[in-house]
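Asks: Got a structure here, written out as structure tokens. Questions coming.
The values are calculated or read from the model by the stated rules, or taken from the named source; none is laboratory data. Here the structure is a predicted model, which is why all the values come from computation and not from measurement. Cβ sites come from the backbone with ideal geometry, for glycine too, and all protein chains shown count toward neighbours. Just so you know, the surface numbers come from the protein's heavy atoms only, side chains and all, with ligands and any DNA or RNA stripped out. Shrake-Rupley method; radii C 1.70, N 1.55, O 1.52, S 1.80 Å.
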Amino acid sequence: MIRQKPDMPQIFDLIVVGSGPAGSACAATAAAAGLSVALVDKSPFPREKLCGGGVTGRSIRYLDEIFGVTPDSDLFLTSDSVRLAFGGRIISQQEDAPPLQMTMRRAFDATLHNHAVTAGADVFAPVRISAVDHASATITLADGRILQGSVLVGADGANSLVARSVFGRAFDPAQIGFGLEVELDRSLIEDNTTEIDLGAADWGYGWVFPKRESITLGVGGIHARNPDMKAHFQAYLARHAPALAEQGEIKCKGAFLPFGAYRKIPGGGRALLAGDAAGLVDPITGEGIAWALKSGQLAAQAAIEALAGNGPDSAMAAYLRRLAPIHREMDAARRIRALIYARPVRAYFPRAVERNPSMSRTYLRLLAGELDYADLGTRVLFRLARRLGGSLLPRRAA
Ligand SMILES: Cc1cc2nc3c(=O)[nH]c(=O)nc-3n(C[C@H](O)[C@H](O)[C@H](O)COP(=O)(O)OP(=O)(O)OC[C@H]3O[C@@H](n4cnc5c(N)ncnc54)[C@H](O)[C@@H]3O)c2cc1C
């Protein structure tokens, strides 16, 4: 980094706003490649982040690839007992399901943040940002300091300030997801099984994720389709911890997640968006950590390529090329989502899962990141549609 007079901008190759999984992956990758990196966050680390903390096989692959973090670390609890339910009725139970790792984001994100620092990123945190100029990759901090990059990466989550500077708003309210969660004492739910209840919310689900020290219980789905998410949450809590629910309304926390509404052009000017800021959350499972890690790494690689070749203005084209396989996955998942969550199908789906154990296995393999939506292919999609009642998709041409 070249330091200049206090009233002059501090100059970096790359400025990364946000040090969640996307920002830390981006900063670590770019700093390890020799770029000067400013990593800016409004919070000091460790900090809380509302999340189920379900880390899929896909996330585990990216964690190893980007940071050398492996699941045997004491950040994780492995869960391979999974129950699928629909409105409290168990429709599938598997004791040897594809493993999911369960983590607490406070410790998990602090670990990734520390990796970025060790790789050489300069940290500016905790600090608020008062202005973003995406065209020139410049940000102004609340204390008056100015940071100027060749490229800016907005990895600042679902309410992204960088996305707002480019598009005028962080997300589309008609498409955004919303989740409510509570951390429960382990003794309240002794069962150590991961549960997904596909009837707990509309276009979403409820979850019980066991952790080392606690149990995370939550309900989430498309916000506009669940005007009373709190009622869904209370009903789900009452099913699992009736004594607690009887005490009245339990304090839960809520957060937005971009449930499958990704940005086709993630950014503008010299700013690239990664992770939730780019809308990269799986439209069916709500998994966002894996795509945050991967898109953060890809944004860094795009910046590295652009600065070594055609200059910062070419970073977006380099990024879009790399993101294409993730965008294809999102598109495929959105098509399949209608077969799982749409109202006419909701009555059929649980029965279809009960009758066909291979369907729940497929869902769990998707959830665990063992299977890509593209792997499912059109053939399986049509088979699924036929099992669910036949008339949902047009018949295939002979
Ligand atoms: C209720 C709920 C449950 C979820 N459960 C799961 C799950 O089980 N598994 C899974 O894979 N995904 C889950 N997700 C999604 C997952 O949490 C996100 O997809 C993931 O955290 C995205 O990572 P990110 O780095 O893009 O953003 P974040 O993790 O949100 O990190 C953004 C960072 O930017 C910082 N920041 C924000 N604004 C500013 C600003 N103006 N200036 C500076 N810094 C800023 C924040 O402090 C934060 O550190 C869940 C989400 C919700 C809401």
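Asks: Within the chain, what whole-number % of the accessible surface is contributed by carbon and sulfur, with the 1.4 Å probe and all protein chains included in the calculation?
Replies: 51
Asks: Another question about this same structure. Treating the angle as unsigned and between 0 and 90°, give the value, to the nearest 10°, between the Cα long axis of helix 289-308 and the longest Cα principal axis of the chain.
Replies: 30
Asks: With point charges of +1 on the Cβ of Lys and Arg and -1 on the Cβ of Asp and Glu, referenced to the Cα centre of region 177-257, which listed residue (P210, N226, L198) lies farthest in the positive direction of the dipole?
Replies: In region 177-257, that residue is N226.
Asks: Sticking with this one: Of E287, E95, E246, which has the most accessible area and how do the rest follow, probe 1.4 Å?
Replies: E246, E95, E287
Asks: If you don't mind, there's one more thing I want to ask. Taking just the C-alpha trace of region 216-277, give me its Rg and Dmax in Å.
Replies: When restricted to Cα atoms, region 216-277 yields Rg and Dmax of 16.8, 54 Å.
Asks: Give me the percent relative contact order of the chain, please, defined on Cα pairs under 8 angstrom at least 6 residues apart.
Replies: RCO, the chain: 20 percent.
Asks: Where a ≥ b ≥ c are the square roots of the eigenvalues of the C-alpha gyration tensor, would you call region 177-257 rounded, which needs a/c under 1.5, or, failing that, prolate if a/b is larger than b/c, or oblate?
Replies: Prolate is the answer for region 177-257, as a/c is 1.5 or above and a/b outweighs b/c.
Asks: What accessible area, in Å² to the nearest ten, does a 1.4 Å probe give for C51?
Replies: We get 40 Å² for C51.
Asks: What dipole magnitude, in Debye to the nearest 20, does the chain give about its Cα centre under +1 on Lys/Arg Cβ and -1 on Asp/Glu Cβ? Please report the intermediate quantities before stating the final value.
Replies: Numbers: 45 positive and 40 negative charges, 313 e Å.
Result for the chain is approximately 1500 debye, rounded to the nearest 20.
Asks: Given the DSSP H assignment, sum -39500 (n - 2.57) over each helix run of at least 4 residues in the chain and divide by its residue total; what's the result at 222 nm in deg cm²/dmol, nearest 500?
Replies: After summing the helix terms and dividing by residue count, I get -11500 deg cm²/dmol.
Asks: Probe radius 1.4 Å, ligands and nucleic acids left out: which of Y373, Y262 has the largest accessible area, and how do the rest follow?
Replies: Numbers: Y373 10, Y262 30 Å².
Final ranking, largest accessible area leading: Y262, Y373.
Asks: Continuing with the same structure: Angle, helix 229-240 long axis vs. longest principal axis of the chain, Cα atoms, 0 to 90°, nearest 10?
Replies: Taking the Cα atoms of the chain, the angle to 229-240 is about 60 degrees.
Asks: Further question on the same structure: Can you give the convex hull volume of the alpha carbon atoms of the chain per residue, in Å³?
Replies: Hull volume over Cα atoms, normalised by residue count, gives 139 Å³.
Asks: Kindly report the accessible area of region 177-257 per residue (heavy atoms of protein chains, probe 1.4 Å, no ligands, DNA or RNA), in Å².
Replies: 43
Asks: With an 8 Å Cα cut-off and a minimum separation of 6 or more residues, compute the relative contact order for region 177-257 in percent.
Replies: Working: 147 pairs, mean separation 29.8, N = 81.
This gives 37 percent for region 177-257.
Asks: For a test of the definition: using alpha carbon positions, the gyration tensor, and the 1.5 limit on a/c, classify region 8-53 as rounded, prolate or oblate.
Replies: Oblate, because a/c is 1.5 or more while a/b does not exceed b/c.
Asks: What order do I90, I284 take when sorted by accessible area (1.4 Å probe), most exposed first?
Replies: Ranked list, largest accessible area first: I90, I284.
Asks: To test your reading of the geometry: what angle, between 0 and 90 degrees and rounded to tens, separates the Cα axis of helix 357-367 from the longest principal axis of the chain?
Replies: 20
Asks: When DSSP beta bridges are limited to those with both residues in region 177-257, what percentage is antiparallel, rounded to the nearest 5? Working shown, then result.
Replies: Numbers: 24 of 24 bridges.
Approximately 100 percent, going by the DSSP bridge assignments.
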